[in-house]
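What follows is one structure encoded as structure tokens, with my remarks underneath.
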Amino acid sequence: MEIGGPELTRALRASRRRQQVGALTLVAPALIFLIAVFAIPLALFTFRSVDNAETWSVLPLTRSALSNWDGKDLPPETVYAALATDVQAIERSAAATLGRRLNYSEPGMRSLIISLHGLKLDPARPVAAQMIAANVRWGEHRIWQVIDSESGRLTPYYALRALDLQLADGRIVASSSEDSATFRSIFARTFWISGIVTLLCLIIGFPVAYVLATAKGWFGRILFISILLPFWTSVLVRSMSWILLLQQNGILNRFLIDIGLINAPLTLIYNRTGVYIAMVHVLLPLFVLPLYGVMLKVDRALLRAAASLGARPLAVFRHAYLPQVIPGVMAGLVLVFVTAIGFYITPVLVGGGGDQMISYFVAFYTNASVNWGLAAALGTLLLLATLLCLGVFRWAFGSATMVTGR
Amino acid sequence: MKSDRSVTMTERVFDLGAKLIAVLVAIFLVTPILVIFPLSFTSDSLMIFPLPGVSMRWYVDFFTNPVWLTALRNSLMLAVVTMVVATVLGTLAALGLVRLSRGWRSVVSTLLLSPLIVPVIIIGVGTFFYFARLGLAGSFFGLVLAHTVLALPLVVIAVTATLEGFDPNLVRAAYASGASPFPAFWHVTRPLIMPGIATGATFAFITSFDEIVCVIFLGGPEFRTLPRQIWSGAKETVTPTIAVAAVLLVVASVVMTLVVEALRKRAQRLSKGAAT
């Protein structure tokens, strides 16, 4: 049924293929760049949350010796000898790293490993007896269980730890780690703060977007600029300004005291209030601007039709206006929530110790307390939460294009 | 008649209420940004109103302090290089993207825009782990790469937006008149999508200029930018010199907002001109 016969079809197809190849060539540099500098680092980051190379690579002899251990009683002499050889073969700093890693699973492992590193062993006598003589804990079954379960290529340790869980005797139980960071409550706090901020953005942002979409002249222009300006201003600067405004002896407190509204300064910063104020400030434009775009496209004729058919304003709003803007509202809510759960800068500057969100702990375990596996596990969970929110949104509302601002 | 009047009354009340909220929100939104301008001119180290006096001393302090000047220079260098790399890669990608068939197009654009949905802390820490292994952590080059990841999607969006209003027949006409691909691009496509490219470049510049999270992890102690200096200062106390630095960042954002707005108007004019 083709006009022009098979040759023309073939020529057309070839030309289309050439066009596709040309287009892919143009896209290729950016794609290769993103794969090399974004996708691969991200994949490695995620993998780090189950990676056990730190332990695995330094205990080659112990691993093979342990493979013959039935796990019931204390391991045989060969395992003791293998561990002593492995640990004494590495640098002291590497032994300290290994000790720190095993210490996550069992308190006391760190000093055990470090003292084993420096232990003088008499080659003529059994190693097991000498190790137990140096420290009785080498005679504990539990110690060897930990070494056995933590010397594999992969470990569930970090992922479980990020959810306040751990593996004990092959079962998943509540974590008994000495540092009492409870990540489940930090995740809950992150979602709670983000939820409140999103709700505030909805309540405040909806009327603003409405006014923006209907306002004309200088009023509309000034309003538009006052939303666009913060949208493009650095989050860091905006959060910092809130310190000046809200602090104990700051601008707002002085103003309120001067006009006689309060007698003593209010505590508005370094607590949850400060976090809510600053986060709403940062995220509000992100909610208003897309919603404004949707509201501009609202078919006014439908509203007039509803009104002329006798609908009261509230009914017009509910049945003719809302259905047209709901997709924009939902997109804005998801955008704000997803951006909020990744917040780091603002809570650090205006929040207190109890207001830090999950990103803070990713940064903390990267820089301050070096535990990259845990940082990766927490980050991976954050990433999963983000993708889940976006996935649910796409599933519910189709593939609306969403662009996040920072 | 009576019910009609009450309807307009409710409408008017709602309208006024919404306008009042909008005005209050506008004040809420701009106050923290505007407030640092007068504060940066304080004559004292206290940052309060009324100002104890007006002076330029903190500006003098900023522009004579080698630490701040180095930070400013680092920020500008980083932003300019990031802008160039991201604009070149992003413009090429956008040109390819609009020519792709629908199936390929959705896959490729998802990939190109994916850095926007990943929390910045994960990009920062992820590239830090990766670059630490490659010896790129704490280097200018490493930061350019990380900032380009953040800026590239914005360039793609900006350029794609102008390309979508672009009439492909213009290029066909150039081919038909005997132009080869590159001259056709340079003389026909480029001038028409220039506003989009410039918008994308502006986005890229400001993204890098304002960026702090990646700088915290990848900059190390050696490479300090303006936001990095503000960050380490503001965690202790906000001094007037920090306010001066913040003013510079805000001025950059204001200039950029104006540039983008002017480019948007120009693009509208161009697409109208091309359509007629």
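Going by what's in this entry, would B:Thr87 be described as in contact with a His (Cβ under 7 Å, 6 or more places away or on another chain), open to solvent by less than 40 Å² (accessible area, probe 1.4 Å) and in contact (Cβ under 8 Å) with a residue 60 or more places away in the chain?
Numbers: in contact with a His (Cβ under 7 Å, 6 or more places away or on another chain): no; open to solvent by less than 40 Å² (accessible area, probe 1.4 Å): yes; in contact (Cβ under 8 Å) with a residue 60 or more places away in the chain: yes.
When the stated conditions are applied, B:Thr87 does not pass them.
More than 14 Å from the chain's Cα centre (by Cα) and more than 26 Å from A:Phe224 (Cβ to Cβ), is that true of A:Gly353? Taking the combined requirement at face value, the residue satisfies it.
Can you work out which of the residues in region A:360-374 that are within 11 Å of another protein chain (Cβ to nearest Cβ) and in contact (Cβ under 8 Å) with a residue 60 or more places away in the chain is farthest from A:Ala162 (Cα to Cα)? Checking each candidate, the answer is A:Trp372.
Residue count for region A:305-321 satisfying the condition of being open to solvent by 50 Å² or more (accessible area, probe 1.4 Å), within 10 Å of another protein chain (Cβ to nearest Cβ) and closer than 17 Å to B:Ala18 by Cβ: 2.
Any idea which of B:Ala137, B:Ala179 is touching a His at 6+ places or on another chain (Cβ under 8 Å), outside any helix (DSSP H, G or I) and either assigned by TED's automatic domain parsing to the domain that holds B:Met77 or surrounded by fewer than 24 Cβ atoms within 10 Å (Cβ to Cβ) (or both)? Show your work before the answer.
Working: B:Ala137 fails: touching a His at 6+ places or on another chain (Cβ under 8 Å).
From the options B:Ala137, B:Ala179, the qualifying one is B:Ala179.
Restricting the search to region A:140-175, which residues are open to solvent by 30 Å² or more (accessible area, probe 1.4 Å) and more than 30 Å from A:Ala385 (Cβ to Cβ)? A:Glu140, A:His141, A:Arg142, A:Gln145, A:Asp148, A:Asp169 - these are the residues of region A:140-175 that are open to solvent by 30 Å² or more (accessible area, probe 1.4 Å) and more than 30 Å from A:Ala385 (Cβ to Cβ).
Only one entry in B:Leu218, B:Leu163 is farther than 30 Å from B:Pro66 by Cβ, open to solvent by less than 20 Å² (accessible area, probe 1.4 Å) and touching a residue at least 60 places away in the same chain (Cβ under 8 Å), namely B:Leu163. Quick test of your reading of the structure: B:Phe62 fulfils all but one of (1) more than 23 Å from the chain's Cα centre (by Cα); (2) without any contact (Cβ under 8 Å) to a residue 60 or more places away in the chain; (3) buried (at least 16 other Cβ atoms within 10 Å of the Cβ). Name the failing condition by number. All conditions are met except number (2). For region A:232-244, check the following and say yes or no: at least one residue is in contact with a Cys (Cβ under 8 Å, 6 or more places away or on another chain), surrounded by 14 or more Cβ atoms within 10 Å (Cβ to Cβ) and in the same structural domain as A:Ala209 (by TED's automatic domain parsing). Scanning region A:232-244, I find no residue that is in contact with a Cys (Cβ under 8 Å, 6 or more places away or on another chain), surrounded by 14 or more Cβ atoms within 10 Å (Cβ to Cβ) and in the same structural domain as A:Ala209 (by TED's automatic domain parsing), so the answer is no.
Does any residue of region A:20-33 turn out to be outside any loop (DSSP other than H, G, I, E, B), more than 7 Å from chain B (Cβ to nearest Cβ) and under 30 Å from B:Ala137 (Cα atoms)? Yes, that holds for at least one residue.
Can you tell me which of B:Leu92, B:Leu16, B:Leu29, B:Leu69 is outside the structural domain of B:Ala151 (by TED's automatic domain parsing), open to solvent by 30 Å² or more (accessible area, probe 1.4 Å) and without any contact (Cβ under 8 Å) to a residue 12 or more places away in the chain? Don't jump to the end; show me each part of the working.
Working: B:Leu92 fails: outside the structural domain of B:Ala151 (by TED's automatic domain parsing); B:Leu29 fails: open to solvent by 30 Å² or more (accessible area, probe 1.4 Å); B:Leu69 fails: outside the structural domain of B:Ala151 (by TED's automatic domain parsing).
Sole residue among the options that is outside the structural domain of B:Ala151 (by TED's automatic domain parsing), open to solvent by 30 Å² or more (accessible area, probe 1.4 Å) and without any contact (Cβ under 8 Å) to a residue 12 or more places away in the chain: B:Leu16.
Of the set (1) within 30 Å of A:Met295 (Cα to Cα); (2) open to solvent by less than 50 Å² (accessible area, probe 1.4 Å), all apply to A:Phe191 but (2). Note on region A:253-269: residues that are without any contact (Cβ under 8 Å) to a residue 60 or more places away in the chain, within 12 Å of chain B (Cβ to nearest Cβ) and out of contact with any Pro (no Cβ under 9 Å at 6 or more places or on another chain) amount to 2.
The values are calculated or read from the model by the stated rules, or taken from the named source; none is laboratory data. Not measured: the values here are computed from a predicted model. Cβ coordinates were reconstructed from backbone atoms using ideal geometry, including for glycine residues, and neighbour counts include every protein chain displayed. Remember, those area values only see protein heavy atoms, side chains included, never the ligands or the DNA or RNA. Shrake-Rupley method; radii C 1.70, N 1.55, O 1.52, S 1.80 Å.
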